[in-house]
Amino acid sequence: MVQARELTVPRRRAVRTGTGRRYVPRWRVLAVFLLPAFLLYSAFIVYPLVSALDYSFFEWRGIRQMGFAGLDNYRDLLSVYPYDQQLWRAFAHNALFFVGTMLIQNTVGLLFALLLFRYGRGKRFLQAAFTTPYLVDPLVVGYLWSLLLNPTFGPINSLLEAVGLDSWALPWLGDTRTALPIVILVNAWQWVGFPMLMFSAALAGIPAEYHEAARVDGASAWQSFRRVTLPLLTPAIGVVSVLTFIGNFNAFGLVYAMAGSTGSPAGSTDVLGLLFYRVAFVEGGVEAIGRSSALAVLMFVFIFGVSLLATSYFRRRERRLV
Amino acid sequence: MKRRWIAGAIGVLAVALAACAPGGGASDQGDKSGADKVTISLWSWRVEDVKAYEKILAKFEESHPKIHVEFKPFQATEYNNILATGLSGSAGPDVAQLRAYGGLQPLVEADQLLPLDDKVDALSGFDAKLLEGAKGHTDGKIYGVPFAYQTLQVLYNKKLFSDNGIQPPATWDDMIAAAKKLKAAGITPFAVAAGPDATWTLPIVHEIFGNARYGSTAFRDALVKGEKKFTDPDFTASIKLIKDLEPYFPKDVVAVKIPDVQALFVTGKAAMYPTGTFDLAPVLKADPNLEVGLFQVPPPSGSPVTTPVTPGWADGSFGVNAKSAHQAEALELVKWMATPEFGQLYATELKQLSAVPGVTPSDPLLAEMAKNYADNGAPYTLLVNFRYGQPNGDAVFRDEVQKMLTGQTDPEAVAASVQKGVEQWFKPGN
């Protein structure tokens, strides 16, 4: 009975909008539907975020909250050795991680999507195969690959030596020049299925007439891809780029499994997630809560800000397509 | 209709609340069964030691029939947070296993522990080096009864030594000659790892080879008073020893992990394993027939301390919650933990070095470690004195030493970085 009465009310108060007939229900009805999601969201997302912000403005001695510290924790993070250096080094590694992933994982993902789209044979099987590594936790993936790459017992170097490529049998994860690229490759190995699926879906949504029209106009295969397919993939590229950005700047599990909490060797794979982990949990000084909260806030603000900018940029690009 | 719904909701809520109540029901029943028996809780990070503690605590209950101790272990990695939270509320433990040195400090600063100086008389008989680990950094009060300690030394494979005609070295040069000989025979001389999981062992390797070279306790005291710095030539020279020994470590040492070197040592592919007491049990578990000996590293020429030393540190202690409702009973328990009865049980059941004075381990290797520490004990300086602030001393040290092993920095720069990191919070004079 209650529901029936509620349903009749908005009809009376229906608002006519410019284009079509749209009934805007009363705010109380809207609130009832929004409330459960809002409560869950507040309790598990907004509250922790706000409390990290709150913690970052106080001085801490262990778990005891001392006086208001203003921006001291932020200043410490940017000026106390070695965090002042590690913060920028970690940031640069995250940026490299992102660029490397865009170049390798997402480009290869697009290539796979195009090949599967054009030659449909075994599509189902290959799509499933490329996405299987999703099912494994990054920690496990990292551990397995570090076993494979182990310089003493690992099969990869044994294989290289067996085929006479001794000079290629490097300590992959123990060399400051190769460690980060290896981590980026392993990450791409795990997630390449994601851009592939996104691009496959977007390709399927492009009407075949466009390509036919391009061919009639005498466009080569490349021109057809460059001038027709790629622009129409903009929405998918936007989503993939932003999600890659968020994932890469929050990277932790895989790097931790392959390079430990210090970003071995010699910090050459150190990323912001590891720095946070060390400041918050490993080094455990009495200042830990304040400083790690400050770092968490900085990371959130940066990732959130860039994601917003990137999303609005891609929106504008999309609008130009229409 | 409506009423039934409410009744149902209340029922669900009641069940949920009952499930959340942390074992309250069980311990209440325990109280009632033994007339006026008091149940106290003991928190620990040793999930793997439940059986041993049950045996040990049964002995305590024999002599203290009015007290029942409930042993509650938590995951070691989560323990610090759980304990800090527990101690700040009303559902905390009566007695808790406490971390040592810098790990103890946050609890001390929050006034969560009972000072034990004038409450547990037996503490005056404990080794002063080990009591340091249970003291507040600024107030100097003792907050726990130390339970165990670790010593650092080189374990060696007796069979590999005799096969290659090598004796435990009497001088540094003997040790280098032995390493050369082993390397020529295709054996890794020192099982040292510096890979992703092993950076924390680098300060340990440094202590084992370099403690006497930097001047051991005297240098540490001078550091703490502010009379010396980490940039001192002796400390720099002690770091250089690691670089000098690198040719005798496994190839590509910065990619080598701890399980790798344990496997090398256990399978007889590496002859010497510079490590702590904590690795003895895992090594012997992997191969119970392995003949293991141990030696203290003889100091190189130019060392301020010319006799070999055994660096070590207190593992932790047992302290009393300042808010405990059963403080008298909790004190009874920690007092008993300072007796040789507890020490002997602890050493036997857990195969660790007990901190209680006068307890000798039955295992000959552990007994040798204990004797070495009693005779030539030295502080693991970076852990014992430089973990009271961020960045802590050994965090900077391990990163920089790993960098040195990849050829990106040198011993002078490592020492300078440690000094630079530590002096941001360290105030000399304590």
For chain B, which longest stretch is free of loop sites, where a loop site is one of the GluC sites (Glu not before Pro) that DSSP puts outside H, G, I, E and B and that has at most 15 other Cβ atoms within 10 Å?
B:1-226
Within 10 Å of each Cβ in B:192-199, how many Cβ atoms from other chains are there, averaged over the peptide?
6
With the 8 Å Cα cutoff and a minimum separation of six or more residues, the stretch B:287-430 has a relative contact order in percent of 18
For chain A, what is the relative contact order in percent, using Cα pairs closer than 8 Å and at least 6 residues apart in sequence?
25
Any aspartates and glutamates whose Cα falls less than 19 Å from that of B:Lys158, other than same-chain ones fewer than 8 residues away, would be B:Asp174, B:Asp279, B:Asp287, B:Glu291, B:Asp363, B:Glu368
The stretch B:266-368: C-alpha pair distances exceeding 22 Å, %:
50
Where Rh is the Kirkwood radius over the Cα pairs of the stretch A:75-223, the temperature 20 °C and the viscosity 1.002 mPa s, what D in µm²/s does Stokes-Einstein return?
115
Quick one: what do you get for the stretch B:124-279 if you divide its Cα Rg by 2.2 N^0.38 Å?
1.19
Could you give me the percent of Cα pairs per 10 Å distance bin for chain B, shortest bin first, beginning at zero and ending with the bin that holds the maximum distance?
4, 20, 28, 23, 14, 7, 3, 1, 0, 0
In nm², what is the average projected area of the convex hull enclosing the Cα atoms of the stretch A:116-170?
5.8
How do A:Thr262, A:Thr234, B:Thr267 line up, fewest other C-beta atoms within 10 Å first?
B:Thr267, A:Thr234, A:Thr262
B:Asp173 versus A:Arg315: modelled label distance in nm, points set 7 Å from Cα along the beta carbon direction:
7.8
Distance histogram for the stretch B:277-430 (every C-alpha pair counted, 5 angstrom bins, percent rounded to whole numbers):
2, 7, 11, 12, 15, 16, 15, 12, 7, 3, 1, 0
Let me know the Kirkwood hydrodynamic radius for the stretch A:185-322, please, with Cα pairs as the basis and the value in Å to one decimal.
18.1
Which value in Å is the Kirkwood Rh of the protein assembly as shown over different Cα pairs?
30.1
Here are some pairs, B:Lys37/B:Lys119; B:Lys55/B:Lys129; B:Lys181/B:Lys240; B:Lys129/B:Lys229; B:Lys66/B:Lys141; which of them have Cα atoms lying more than 32 Å apart in this structure?
none
Could you work out the relative contact order of chain B, using alpha carbon pairs under 8 angstrom and six or more residues apart, expressed as a whole percent?
24
Taking 25 Å as the cut-off for C-alpha to C-alpha distance, list the pairs among B:Lys135/B:Lys225; B:Lys159/B:Lys403; B:Lys335/B:Lys427 that go past it.
B:Lys159/B:Lys403; B:Lys335/B:Lys427
Stokes-Einstein translational diffusion, chain A - Kirkwood Rh over all Cα pairs, 0.692 mPa s, 37 °C, in µm²/s
138
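None of the figures in this text is laboratory data; all of them are computed from the coordinates on show. If you're wondering where the values come from, they're calculated on a predicted model, not measured in any experiment. FYI the Cβ positions are ideal-geometry reconstructions off the backbone, even for glycines, and counts take in every protein chain you see.
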